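Below is one structure, written out as structure tokens, with a few remarks after it.
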Amino acid sequence: MKSLLHNTIPSINRSSGIKSSSIESNSRAYLQFPRANGAKFLLSRQQKRQLTVNSVVDSASVDQYYGLTESDARNPTLSTSFRSQRDRKPNLTVLEAQTRVCTGPTQTKPLTEAQAFKVLDTILRSAKGDLKDEEQVSKAQLGAFFAAMTIRANTFPEATQWSEGERRAMDAYWPHLVRTLPSDIIFLADPEGSIMRLGSSIGPQYVGNGSHEMRLVGALREVLAGGHLGYEEVQGVLKDVLPLLEHDTVSESLLSAFLIGQRMNRETDRELKAYCLAFDDELGPVPVADVRSLTHYGEPYDGNTRFFRSTLFVAAVRSCYNEASLLHGVDWMPPKGGITEEQMLKFMGANTCITPLQAKTLLEDEAVGFAYVSQREARPSLYSLIEMREHIKKRPPLATTEKVQQFVRATGKEAMVAGFYHEGYEEPLLMLMRRRGVHAGLVVKGEEGALSMTMKMRSINASKGLPVNYCSGFRSLNTPPHYDVDGVSRESFSLIVDANEYGFEPSETPRTDRSVSKNIELGLDALRGEKGPAYDRIVLNAGMTDHLLGCSGAEDVSTALDRARDAIDSGKALTRFLSYIKISHKLK
């Protein structure tokens with residue numbers, strides 16, 4: 001699969017290469033950006049490039065040139081500032097407890113007696129109305145916490161069941177809690193009246209309010225007992241309750257319990273498929289782009305907090321040789337709340353309200369060839385869960401399935417790429433990709449669970465499990481239409497990509513530490529041809545992705561990597577990137 005990389009790599013620096021490239025030969029090609037007051041102004045491409053690369057770290061420049069106002073963010077350079085100010089914040093004491101108990105059968109860390117007493121006292125005082133505003137424990141937190149405690153008591157192995165301290169704390173507080181908490185929380189805490197030593201008939205008799213809640217309660221009884229649900233049962237629940245509205249049809253506590261409970265029980269394939277496909281038809285038929293090749297990129301929606309996130313720039317590179325890319329995500333997502341593609345695009349002034357139909361136009365545009373679609377525009381039902389997901393704390397099943405979406409389809413070959421971190425989710429992701437009917441699929445264990453491969457050498461003290469740069473996937477050996485899944489002959493593969501074997505010098509991945517502007521600066525400098533770790537990371541991920549997916553012209557690894565380098569060194573990739581920002585505002 002691998003081949004030797006030609007050792008002669010042309011050197012292009014700021015003074016000789018990019019500045020005399022085709023970018024400046026098109027000096028009268030203008031980019032138009034909105035100002036905060038609605039007026040527009042024109043910048044030449046050369047001015048635009050100089051502004052974005054040299055001034056993007058200056059918040060004042062960003063505010064002036066990109067129209068960001070104080071209402072957008074207090075400090076638009078930080079990923080944390082993209083969190084919606086309208087969303088309620090969770091109670092931190094209970095949230096910390098959820099970090100320990102709302103997880104899997106081997107990862108859960110029981111609370112100490114002191115921690116358990118503090119958490120239950122906080123819950124009791126909140127239920128009595130003694131805590132105000134952000135100190136209050138939300139319904140979603142109560143649902144997630146008590147569902148986790150119940151599942152641990154019912155099904156988890158001894159090491160992750162309740163500790164003696166947790167039992168003593170519950171014995172002390174439950175007589176008060178059972179008289180104070182609403183019926184739906186009492187149901188979640190003791191659904192069969194068998195967990196608490198002080199029995200209650202509320203849990204066994206609880207059915208919920210209304211038909212939608214009754215269906216959810218029925219499903220929860222199975223989940224709280226450690227059981228699993230059928231495909232149609234999961235889809236039915238999701239479609240009943242989403243999107244979340246001001247006047248909810250079900251209790252937030254019940255829905256949060258459902259979401260975290262399914263993750264704690266380790267979802268089955270049929271449950272994951274239900275989450276993945278539930279809202280495919282939410283906005284009607286999926287647009288079909290007239291392109292010969294389309295790759296869907298599924299980065300973790302909660303972003304990067306430490307390292308350079310390169311996929312947006314990789315997409316610009318691949319578009320130069322007609323490998324179209326569709327990226328998707330959100331502006332901000334818990335639990336990490338890291339840097340996302342939408343933050344970078346918004347920071348640079350691009351239109352981030354692109355619909356799937358408008359994305360089709362960008363993919364077909366010969367001057368662009370890639371697009372980004374926000375979950376807000378494509379799946380409003382799932383987007384409505386962001387605040388609840390912050391209060392759940394741990395990742396729900398959607399954190400896996402939202403990475404495997406087809407917001408636009410193609411007339412030609414389709415492929416999917418997704419990142420993962422926790423071992424065991426690589427095969428479910430590939431299963432979902434096959435279910436989508438794509439011709440090729442690839443999962444990558446990158447740093448922070450992102451899908452980017454790195455040049456960093458693996459430490460001899462690296463943790464057990466799959467290493468960073470582990471890749472697994474499949475390629476079709478024939479190319480039937482995308483809807484003709486049956487009969488497709490696939491070649492499966494798995495490998496660990498060692499960048500050193502392809503001529504790259506080992507290097508640490510550039511750190512960005514939640515700085516959106518730093519991530520942009522690194523990416524744009526690389527697209528200008530500045531050699532270094534960011535440049536190498538973009539080249540490696542563009543070329544290796546082409547090769548592993550079986551893209552035309554990428555059969556040989558060295559050829560694929562050289563093609564990616566040429567897209568950057570010629571200035572074409574930067575031109576495409578800036579064209580995206582310009583053209584995104586012209587779409588109707």
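The values are calculated or read from the model by the stated rules, or taken from the named source; none is laboratory data. These numbers were taken from a predicted model, which means no experiment stands behind them. Virtual Cβ from ideal backbone geometry, glycine too; neighbours counted across all protein chains shown. Each accessible area value is taken on the protein alone, full model and side chains, heavy atoms only, with ligands, DNA and RNA left out. Shrake-Rupley method; radii C 1.70, N 1.55, O 1.52, S 1.80 Å.
Laid out as a table, the results:
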{"read-out": "Selected residue [part of a helix (DSSP H, G or I) and modelled with pLDDT of 95 or more] from 381, 325", "value": "381"}
{"read-out": "Search result, residues across the range 163-207 that are β-branched (Val, Ile, Thr) and open to solvent by less than 50 Å² (accessible area, probe 1.4 Å)", "value": "178, 180, 185, 186, 195"}
{"read-out": "Residue in the range 184-196 that is touching a Phe, Trp or Tyr at 6+ places or on another chain (Cβ under 8 Å) and at pLDDT below 95 present", "value": "yes"}
{"read-out": "Matching entry among 411, 352 (being under 30 Å from residue 454 (Cβ atoms) and either over 15 Å from the mean Cα position of the chain (by Cα) or open to solvent by 30 Å² or more (accessible area, probe 1.4 Å) (or both))", "value": "352"}
{"read-out": "Which numbered condition residue 429 misses (of (1) at pLDDT 95 or above; (2) over 15 Å from the mean Cα position of the chain (by Cα))", "value": "(2)"}
{"read-out": "Residue within the range 454-473 that is among the hydrophobic types (A, V, I, L, M, F, W, C), closer than 22 Å to residue 334 by Cα and not in a helix (DSSP H, G or I) present", "value": "no"}
{"read-out": "Enumeration of residues in the range 488-503 that are in a helix (DSSP H, G or I) and either among the polar types (S, T, N, Q) or open to solvent by 70 Å² or more (accessible area, probe 1.4 Å) (or both)", "value": "500, 501"}
{"read-out": "Members of the range 79-102 found to be part of a helix (DSSP H, G or I), out of contact with any Asp or Glu (no Cβ under 6 Å at 6 or more places or on another chain) and farther than 25 Å from residue 169 by Cβ, listed by number", "value": "79, 80, 81"}
{"read-out": "Residues that are touching a strand residue (DSSP E or B) at 6+ places or on another chain (Cβ under 8 Å) and of a type outside the set (Val, Ile, Thr), drawn from the range 322-335", "value": "322, 323, 324, 325, 326, 327, 328, 329, 331"}
{"read-out": "Flag if residue 114 is closer than 18 Å to residue 264 by Cα, at pLDDT 95 or above, open to solvent by 10 Å² or more (accessible area, probe 1.4 Å) and in a helix (DSSP H, G or I)", "value": "no"}
{"read-out": "Pair list, Cβ under 6 Å, 6 or more apart: the range 333-356 residue part of a loop (DSSP other than H, G, I, E, B), other residue of a type in the set (Val, Ile, Thr) and surrounded by 22 or more Cβ atoms within 10 Å (Cβ to Cβ)", "value": "354/373"}
{"read-out": "Residue count for the range 476-514, restricted to those that are under 28 Å from the mean Cα position of the chain (by Cα), at pLDDT below 60 and of a type in the set (Val, Ile, Thr)", "value": "1"}
{"read-out": "Residue that is nearest to residue 388 (Cα to Cα), among those in the range 120-158 that are open to solvent by 60 Å² or more (accessible area, probe 1.4 Å) and without any contact (Cβ under 8 Å) to a residue 40 or more places away in the chain", "value": "133"}
